[in-house]
Amino acid sequence: MAEQDTKVTAAYSGNEEVYPPSDSFRSKAHVASMEEYEEMWQRSVDDPESFWREKADRIDWFEPFETVKNVSYEPRNVSIKWYEEGVLNACYNAVDRHLDERADQTAFIYEPNDPNTEEAQHITYAELHENVCKFANILKKNGVKKGDRVTIYLPMIPAAAYAMLACARIGAPHSVVFAGFSPDSLSDRILDCESTFLITADEGVRATKTVPLKENADQALEKCPDVETVLVVQRTGGDIDWTEGRDIWYHEELSTVDAECECEPMNAEDPLFILYTSGSTGKPKGVLHTTGGYCVFTSLTHEYVFDYHEGDVFWCTADVGWITGHSYIVYGPLINGATQVFFEGTPTYPDASRLWDVVDKHDVNIFYTAPTAIRALMRQGDEYVEKTDRSSLRVLGTVGEPINPEAWRWYYNKVGNGKCPIVDTWWQTETGGIMITPLPGAVAQKPGAASKPFFGIQPEVVDNAGNIQEGACEGVLTIADSWPGQMRTVYKNHERFQNTYFSQFPGKYFTGDGCRRDEDGYYWITGRVDDVLNVSGHRIGTAELESALVAHDQVAEAAVVGFPHEVKGQGIYAYVTLLKDVDPSEELRDELVQYVREHIGPIAKPDFIQFTPSLPKTRSGKIMRRIIRKIAAGEFDDLGDTSTLADPGVVEELIDERKGMS
Ligand code: WT7
């Protein structure tokens, strides 16, 4: 009989399903009851200074801070500083400080793409230290200095973590570009942060395919004349082009450097990294995170949210190219001295049991993944789960998008055998770490609810006019005050930072998400309220997709919206108007799909392209997205007010075309 499988509704107002933590889980949990959680949360928001002063003790400081928090959310003068006099080094906290106690403990278990041809590798903290020091010396030897931005375009191999930590060690902010991005996306990011140093690999491997990373990089660098050095990690040994005087091999450099490298003392507010993410307008923005607050926040959330204990094996399936990989593979867990699986593979290769095989192989206790992966595996059938053991699992987590209750139940009952709490963690690239989540030993879970704010986090639901909503309500999610892991600026564009996050609702951080709060004070994230799509947990701006489409020489206009997709959460639906003398065809449709893929990356591939002679617009020429969203979703009956349209007839045409497609 499953320990946690009882439905308890009495203590909760709704009659929905509620899954309270089991007594056996609670008996070992860091936070073991709702009362304890509420008491701690209240204290953390009543007196944030003392709460965050105390929590900052968890990391090692070279020089102490005096001021805990110095924040202004004033819309024209936003300034966010935490622990501002403190001096520390993130790499020292993630690696060096563990050497006395856990030099021989495994930091990473690298699980390669193909389990049939390659063995897992255990990398101890001592080995991690050596690799990171050598990597840092390679950077220094090749001219990288404190403050220089280093772009990293690598697959999920341990060298990606070494590279990030090496940058942190010498004080050079890293900008990791997900290896699934195209040459254009890579060059945009290199140019924006003005990096002159790029780290890549010959090729990446994903299931049965290879990804031509060096070739992509070569192409990107045609537009980046300032890049002086390309450090290439050998993954496959495949054939690549070589530019003498620019390209250098990592394995050759390794033999020329020594294994000692001092950690650069960094101010708490010195940049740690830049990570690009999509917004509702324009090009992706460089989200800038700094050092002190980020280290405190990621390590604290990692410990509490996953109820991490010494000796646990933690596995976050994200790629280090996303914030989840930064915060819950590289920084948070390593700062806590954890042992982690570092996974290069995919959930369905060699077959749909892969994730659970890896759980069994390495006795994983805490497993963190995205709803899209759960939905994809659920469709493959239960037998792939049932033939594995999974008894090592204690906590399950999800991130990236709302999880539908059906997928939640499957994850809970099938994967977790009805005994593992699920933490549905809501957060963003901008927030640096987890913001809303049930703490697994304290907060009863409701399938689909991100639940309750983490310590120090004050969500506020507002209506469009900014009025604060009380009690059970629905509206826009804002956060009333700062927390240590918050982004500090948009790289080189503080104006954009202020406009995007602090101008809509003065005095609050605007998340871009809608949410509902129920009678028990649980938060249910309902999705983006701006023109940002969430496709398989990946964030893509409709503006980026549209500008990629109109760059094609046969396209006159394009409008992109999301639509509900069974596996991806949201799919990409593009309305395309061709130039006058161009006829729509299947070939052109395929060509456009390919075109977007090449310009942004495979994750941005449109699911549907609907050719249309015109789009519904207001008299002032604004596309009515509300209407085209409904048509894409196949909801034709309730289109709302169409009276402001310049030409209402367009809607009928669009509907007819849409019906003709499916
Ligand atoms: C957006 C942020 C944070 C790491 C992964 C994504 C959506 C994220 C949840 C969740 C519902 C979620 C939001 C958010 N989102 N987690 N548990 N429930 N929605 O980071 O690329 O910065 O995207 O992802 O819409 O704003 P990101």
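Relative contact order for the chain: 14 percent, from Cα pairs under 8 Å spaced at least 6 residues apart, divided by residue count.
Couplings 3J(HN,Hα) for region 523-529, derived from phi with the Karplus relation 6.51 cos²θ - 1.76 cosθ + 1.60 (θ = phi - 60°), are 9, 10, 6, 9, x, 5, 9 Hz, where x marks Gly and Pro.
Going by the alpha-carbon gyration tensor, a ≥ b ≥ c the square roots of its eigenvalues, is region 89-304 rounded (a/c under 1.5) or, if a/c is not under 1.5, prolate (a/b greater than b/c) versus oblate? Rounded. Each DSSP beta bridge with both residues in the chain is either parallel or antiparallel, and the antiparallel ones are about 60%. At what distance in angstrom do the alpha carbon centres of region 618-656 and region 515-594 lie from each other? Spelled out, the Cα-based centre of one part sits 16 Å from the other. Spatially, region 144-163 and region 354-398 are offset by 30 Å when compared through their Cα centroids.
Taking every DSSP helix (H) stretch of at least 4 residues in the chain, weighting each as -39,500 (n - 2.57) and dividing the sum by the residue count yields a mean residue ellipticity at 222 nm of -8000 deg cm²/dmol. Unpaired cysteine residues in the chain (no second Cys Cβ under 4.7 Å): 91, 167, 193, 224, 263, 295, 316, 420, 473, 515.
Hey, which lysines would be in cross-link range of residue 659, C-alpha to C-alpha under 26 Å, not counting anything within fewer than 8 residues on its own chain? List returned: 568, 580, 605, 617, 622, 630.
Annotation for region 574-662: GluC sites (Glu not before Pro) lying in DSSP loop with at most 16 further Cβ atoms inside 10 Å of their Cβ are 635. Close amide-amide hydrogen proximity is noted between residue 229 and 198, each under 5 Å apart and 5 or more residues distant or on a separate chain (H modeled in the peptide plane; Pro and chain starts excluded). Under a straight-distance cross-link criterion of Cα-Cα below 20 Å, which lysines are reachable from residue 146, leaving out those fewer than 8 residues away in the same chain? The reachable lysines, counting only those whose Cα sits under 20 Å from residue 146, are 134, 492.
Shape class for region 224-300, computed from the alpha carbon gyration tensor (a ≥ b ≥ c): oblate, with a/c not under 1.5 and a/b at or below b/c. Each residue of region 502-516 is assigned a 3J(HN,Hα), and the resulting list reads 10, 9, 4, 10, x, x, 10, 8, 8, 7, x, 10, x, 7, 10 Hz, derived from the Karplus form 6.51 cos²θ - 1.76 cosθ + 1.60 (θ = phi - 60°), x at Gly and Pro.
Counting heavy atoms of the protein chains only and a 1.4 Å probe, report the per residue accessible area for the chain as a whole number of Å².
Here the residues of the chain average 38 Å² of exposed surface.
For residue 533, nonlocal amide neighbours, meaning residues 5 or more places apart or on other chains whose placed amide H falls under 5 Å from its own, are 540, 541, 542. The overall shape of the chain, judged from the alpha-carbon gyration tensor, is rounded, with an a/c ratio under 1.5. Per-residue Karplus couplings for region 231-247, computed as 6.51 cos²θ - 1.76 cosθ + 1.60 with θ equal to phi - 60°, are listed in order as 8, 10, 8, 8, 10, 10, x, x, 5, 9, 7, 9, 9, 4, x, 10, 8 Hz, Gly and Pro entered as x. Listed by chain and number, the aspartates and glutamates whose C-alpha is less than 16 Å from the C-alpha of residue 209, apart from same-chain residues fewer than 8 away, are 114, 118, 239, 344, 351. Taking amide H as placed 1.01 Å from N in the peptide plane, the amide H of residue 513 sits under 5 Å from that of 477, 529, each at least 5 places away or on another chain.
Restricting region 132-231 to trypsin sites (Lys or Arg not before Pro) that sit in a DSSP loop and have at most 15 other Cβ atoms within 10 Å of their own Cβ leaves 145, 146, 223.
Applying a DSSP loop filter and a limit of 10 other Cβ atoms within 10 Å to the GluC sites (Glu not before Pro) in region 166-268 leaves 222, 244.
Charged neighbours of residue 154, selected by a Cβ distance under 12 Å, balance to -2 (K, R count +1; D, E count -1). With a threshold of 31 Å on the Cα-Cα distance, the over-threshold entries among 214/283; 145/283; 140/361; 81/446 are 140/361; 81/446.
Computed in the context of the full set of protein chains, the accessible area of the chain at 1.4 Å probe radius has 45% of its extent on carbon or sulfur. Taking every C-alpha pair closer than 8 Å and separated by at least 6 residues, the mean separation divided by the residue count of region 255-301 gives a relative contact order of 34 percent.
The values are calculated or read from the model by the stated rules, or taken from the named source; none is laboratory data. Computed from a predicted structure; not experimentally measured. We place every Cβ from the backbone using ideal geometry, glycine too, and count neighbours over all the protein chains shown. Just so you know, the surface numbers come from the protein's heavy atoms only, side chains and all, with ligands and any DNA or RNA stripped out. Shrake-Rupley method; radii C 1.70, N 1.55, O 1.52, S 1.80 Å.
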